[in-house]
Amino acid sequence: MAGKIRIGVLMGGTSAEREISLKSGKAVLRALRSCGQDALAIDIKKTDKNYVTDLLLSYDIGLAFLALHGSFGEDGKIQAILDQMRIPYTGSGAFASSLSMDKLSSRRIFRAAGLAVPRYFVLNRKERRIDSSFAFPLVVKPAACGSSIGLSVIDNPEEFRDAIRLAFKYDSCVLVEEYIKGREMTVGIFKDSPLEAIEIRSRRRFFDYKAKYEQGQTDYIVPAPVPLKTMQLLKDTALKAHTLLGCFFFSRVDIILNNKNIPYVLEVNTIPGFTATSLLPRAALHKGIPFQELVLVIAQAAQDRFLKKSEGLHSLCDRRRALSLTDYLMR
């Protein structure tokens, strides 16, 4: 990186994905230090704005590498605080992060732009009835949660109550969607360009939390064994989803390729897993980009973006927008 700066790797958090975040953060920290960077771990243990601000000021960092998964990491809140503090950070901005985390908002955008998404209906704590136009099986999940936490696949009405009870543990809004039968794919975006798609073959019925994080539960095929035309379709679809939400530099797009080779977009992950064996690093390695280089290039892009913004004429307006967005997101 141009000019040695202190990099704070933000990890942990208070969401259900805390342990996964700590693993990502420690892997990023090792990679940065192995490249000679002045990097330190910052464990976010509270989500109070004043606490976070004071904590970050005490470390006097020049750049934040975000390895915070789930709420307060991928929902735009930490990004808005960092914008307000004028600390450069990796990944997408506050608004794009907020959109990506909110499956309802992002799906409306995808559908309006012509991307295929599963049909769905929404439940809140007052409205918990199944839409009779939907046939089983159904997928039940929190509207804003990652790592398949709180997700269930149900085959009959008898399983519905337990599934929504689980989902409501993690969010006040629950998404119920049609089950798309097909092949699970994920496409990493790096430098705002798509990498080769990875096929996810789980030994479980679907790619749930156990399939993701327990050894031996899932096989990952890089690149996905599909015709070149289908591979290009997957890459084009992923890049379009990434771009529609305004994501920056990298992300990971999860897709179901149905039996008619139609790619259904499930979600965009703005802070995907960051261990050496996580999906985005796997795709990057296939392209010849080792984990240390991936991490370093992402950090450099964050610094470059900040310097470019600082040279602009609208930095005062940007700071005012950041203040307003921070107040909105932290409600």
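Every number in this text was worked out from the coordinates using simple rules, so none of it is lab data. What you are looking at is a predicted structure, and each value in this text was computed from that prediction instead of being measured. Cβ: placed from backbone, ideal geometry, glycine included. Neighbour counts: every protein chain shown.
Tabulated data
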read-out: Debye, to nearest 20: dipole size of the stretch 120-178, +1 on Lys, Arg Cβ, -1 on Asp, Glu Cβ; value: 340
read-out: Counted charge near P88, where neighbours are those whose Cβ lies closer than 11 Å (Asp, Glu -1; Lys, Arg +1); value: +2
read-out: Overall form of the stretch 5-53 per C-alpha gyration tensor (a/c, 1.5; a/b vs b/c); value: oblate
read-out: The chain, relative contact order in percent, only Cα pairs under 8 angstrom and at least six apart counted; value: 20
read-out: Residue exposure sequence - E17, E158, E177 - by fewest surrounding Cβ within 10 Å; value: E158, E177, E17
read-out: Non-local Lys pairs in the stretch 75-232, i.e. 8 or more apart or on different chains, that have alpha carbons under 21 Å apart; value: 18
read-out: Gaussian network model of the chain, springs between alpha carbon atoms under 10 Å - residue of P88, P194, P118 with greatest fluctuation; value: P118
read-out: J(HN,Hα) series, the stretch 15-25, from Karplus relation 6.51 cos²θ - 1.76 cosθ + 1.60, nearest Hz, glycine and proline x; value: 7, 5, 9, 4, 5, 5, 4, 4, 5, 4, x
read-out: Electrostatic dipole magnitude of the chain [Cβ: Lys, Arg +1; Asp, Glu -1; Cα centre; debye, to 20]; value: 140
read-out: The chain - mean residue ellipticity at 222 nm from DSSP helices (-39,500 (n - 2.57) per run, n ≥ 4, rounded to 500); value: -12000 deg cm²/dmol
read-out: For the chain, alpha-carbon Rg over 2.2 N^0.38 Å; value: 0.98
read-out: Rounded to 10°, Cα long-axis angle of helix 291-311 versus longest principal axis of the chain; value: 60
read-out: Shape call, the stretch 120-178: gyration tensor on alpha carbons, a/c limit 1.5; value: prolate
read-out: Size of charge dipole - the stretch 1-138 - debye, nearest 20, with Cβ of Lys, Arg +1 and Asp, Glu -1, no other charges; value: 380
read-out: Burial ordering of S251, S278, S172, fewest other beta-carbon atoms within 10 Å first; value: S172, S278, S251
read-out: 15 Å reach of a label modelled at Y220, 7 Å along Cα-to-Cβ, counting backbone N of the stretch 237-270; value: 251-255, 269
read-out: Estimated Rh, the stretch 9-143: Kirkwood, alpha-carbon pairs, angstrom; value: 17.0
read-out: Values of log10 I(q)/I(0), in the order q = 0.23 Å⁻¹, for the stretch 61-140 under a Debye, Cα-only, solvent-free model; value: -1.06
read-out: Extension gain (nm, one decimal) between T243 and K45, 0.36 nm per residue minus Cα-Cα; value: 68.1 nm
read-out: Placed amide H near F274: partners under 5 Å, 5+ positions off or other chain; value: S24
read-out: Phi to ³J(HN,Hα) by Karplus 6.51 cos²θ - 1.76 cosθ + 1.60 over the stretch 223-239, Hz, x for Gly, Pro; value: x, 4, x, 10, x, 4, 5, 5, 4, 5, 4, 4, 5, 5, 5, 5, 5
read-out: Sorted by Cβ density within 10 Å, fewest first, the residues D192, D171; value: D192, D171
read-out: Charge dipole of the stretch 120-178 about the Cα centre (unit charges at C-beta), most positive-ward option of N124, L175, L151; value: N124
